[in-house]
Amino acid sequence: MACEEVSVAINRDSDIVDARQKGRELAVQIGFSGSDLTLIATAISEIARNIVVYDQKGEISLGIIGRGGKRGVMVVARDEGPGIPDIEQAMRDGFSTGRSLGLGLPGAKRLVDEFEIVSGVGKGTTVTMWKWK
């Protein structure tokens, strides 16, 4: 259950910076520091960049959560873009339907403890990530 939650509309590059900063602020509140802060901020950045590149409109919700005596940060990125027809393919390093290196989704997954993606063609994509303290 989220103790505190903030949302950031993602429409342009400057929104990515805002989402990263808000994610870092929440993580600091529960004791994350050093490289863990960088991992959280980078994962948020990767997912937010996908929203800007592929949909130009979405939202990232960030929250402090608890489960089984652990506390962590949960990041939920939603868009109503074209969706991902083949999630398994999209999660392979190097795959891209745009002009990127194809590291965004698989890279973000490697940076967090838990990662979930749900997408429907023509219905958008939701990525949920958890990083535990």
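Some values worked out for this structure:
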item	result
Fluctuation leader among Arg78, Arg67, Arg24 - the chain, Gaussian network, Cα springs under 10 angstrom	Arg67
For Phe32, net neighbour charge (Lys/Arg +1, Asp/Glu -1) across residues whose Cβ lies under 15 Å away	+3
Only Lys, Arg (+1) and Asp, Glu (-1) charged, at Cβ; the chain dipole about Cα centre in debye	260 debye
Fewest-first ranking of Val73, Val118, using other Cβ atoms within 10 Å as the exposure measure	Val118, Val73
In order through segment 34-42: 3J(HN,Hα) via Karplus (6.51 cos²θ - 1.76 cosθ + 1.60), integer Hz, x for Gly, Pro	x, 5, 4, 5, 5, 4, 5, 4, 5
D (Stokes-Einstein, µm²/s), Kirkwood Cα radius, segment 21-133, 0.692 mPa s at 37 °C	230 µm²/s
Extension gain from Gln21 to Glu116, taking 0.36 nm per residue of separation minus the Cα-Cα distance	32.0 nm
In order through segment 44-59: 3J(HN,Hα) via Karplus (6.51 cos²θ - 1.76 cosθ + 1.60), integer Hz, x for Gly, Pro	4, 4, 4, 6, 5, 4, 4, 4, 4, 6, 9, 9, 6, 8, x, 8
Distance (nanometres) between label positions extended 7 Å along Cα→Cβ at Ser33 and Asn11	3.9 nm
Local net charge near Gly63, Cβ-Cβ under 9 Å (Lys/Arg +1, Asp/Glu -1)	-2
Positive-end residue, the chain charge dipole about Cα centroid, Cβ charges, pick of Leu37, Trp130, Ile16	Leu37
Gaussian network model of the chain, Cα within-10 Å springs - most flexible of Glu88, Glu46, Glu116	Glu88
Mean separation of Cα contacts under 8 Å, 6 or more apart, over the residue count of the chain: relative contact order %	27 percent
For the chain, built as a Gaussian network whose Cα springs stay under 10 Å, the top-fluctuating residue of Gly23, Gly58, Gly68	Gly68
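All of the numbers you see were taken from the coordinates with simple rules; none came from a lab. Small disclaimer: the values here were computed from a predicted structure and weren't measured. When we count neighbours, we look across all protein chains shown, and the Cβ atoms used for this are built from the backbone with ideal geometry, even at glycine.
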